[in-house]
1. For region 24-57, what are the residues that are among the small types (Gly, Ala, Ser), closer than 21 Å to Glu67 by Cα and in a helix (DSSP H, G or I)?
2. Check Leu148 against each of (1) open to solvent by 80 Å² or more (accessible area, probe 1.4 Å); (2) within 22 Å of Glu201 (Cβ to Cβ) and name the one condition it does not meet.
3. Residue pairs, Cβ under 7 Å, 6 or more apart or interchain, first in region 139-166 and at pLDDT 90 or above, second open to solvent by 50 Å² or more (accessible area, probe 1.4 Å) and outside any loop (DSSP other than H, G, I, E, B). List them.
4. Can you pull out every residue in region 283-298 that is free of Cβ contacts under 8 Å to residues at least 60 places away in the same chain and surrounded by 12 or more Cβ atoms within 10 Å (Cβ to Cβ)?
5. Among the numbered criteria (1) among the aromatic types (Phe, Trp, Tyr); (2) at pLDDT 95 or above; (3) assigned to a loop (DSSP other than H, G, I, E, B), which single criterion is violated by Tyr195?
6. Tell me which residues, restricted to region 239-272, are polar (S, T, N, Q), open to solvent by 10 Å² or more (accessible area, probe 1.4 Å) and closer than 30 Å to Gly75 by Cβ.
7. Do you know which of the residues in region 167-192 that are assigned to a loop (DSSP other than H, G, I, E, B) and within 16 Å of Ser219 (Cα to Cα) is modelled with the highest pLDDT?
8. Being touching a residue at least 60 places away in the same chain (Cβ under 8 Å) and closer than 23 Å to Thr122 by Cα, is that true of even one residue in region 257-267?
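The values are calculated or read from the model by the stated rules, or taken from the named source; none is laboratory data. Model, not experiment: these values are computed from the prediction. Neighbour counts are summed over all protein chains in view; Cβ atoms, including those assigned to glycine, are modelled from backbone coordinates with ideal geometry. All accessible areas refer to the heavy atoms of the entire protein, side chains included, with ligands and DNA or RNA removed. Shrake-Rupley method; radii C 1.70, N 1.55, O 1.52, S 1.80 Å.
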Amino acid sequence: MTNLGDLEVFVRVIAVGSMSTAARDLGLSPAVVSKRIKRLEDRLGTRLLQRTTRQISLTEAGQGFHERVIAVLAGLEEAEAYASGRSSEVAGTLKVSAPTSFGRLHIAPHLKTFMEAHPDLTIHLVLSDEFTDIVGGGFDLAIRIAELMDSTLVARRLAPVRRILCASPDYIASHGAPETIEDLKRHHCLPAHNYDAWKLEGPQGTLSVRPDGMLITNSSEVIREAVIAGLGIALRSTWDIGPELKTGKLVQVLPAYEGSRNVSLSAVYPSRQFLPAKVRLFIDFLADLYGPVPYWER
């Protein structure tokens, strides 16, 4: 039977992408980590990792094995919590992926409350505007703002996401306000990604608008600052610009049109029969924090 410790070493190597870093985290020498990975591969009779001088990657067999090992280890953790009656007492590390702006504005300020309630739990929060590989990256869950497609992952809706067209009063004073959706073609627009169409819902139903803009960036935060500065019209989430709407730094334009209602804020995690207590508790915390009418809409 495979040594459970070897599985934990294997998962850690994949999570950090380095045998030396995994060795340091686990309090082992790099030679011991390498030996244990080789022992695991020898027992299975297949190579799990591709090793170069610069990086480590999973083989096809390694990818499938890794997904199943993650599920096994999570199940063991949940079984221990259940058997010992400690389902609300969690320890270890919770690795979470979240969008950059949302994580900074609506997760980071609330971590103190959650961490004080669970002092033995370490939070590893990774902020990125790219969709992360949850399994391959060793994440326990990811917070996503998207129209989720069918996948092997499980998603729990945390809150609705309302997106509106907006501009600064200075921009409106200089260029006027668009009166119809066709007027957007004559305005400076600020798409979050230059080639992404705006999916809108209006009086005639759902439509797609491909905005033209003078600013090209992969950063949602740059677009936010640009629309506040008066560079054009943007489609922004109310969680992102709530304070600016309240103070008048931004105003809504074309109020009959809003972003697709299929986009929502969700917690996404690998499909498992047993959800680890630390994951369940964090998702419940966020769901209670945001709710069906999130605080940024009140």
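1. Result: Ser34, single match.
2. Condition (1) is where Leu148 drops out.
3. Partner pairs satisfying both residue conditions: Arg162/Glu297; Ile164/Gln252; Leu165/Gln252; Cys166/Val251; Cys166/Gln252.
4. Hits for region 283-298 are Asp284, Tyr295.
5. (2)
6. Result: Ser264, Ser271.
7. Leu190
8. Yes - at least one qualifying residue is present in region 257-267.
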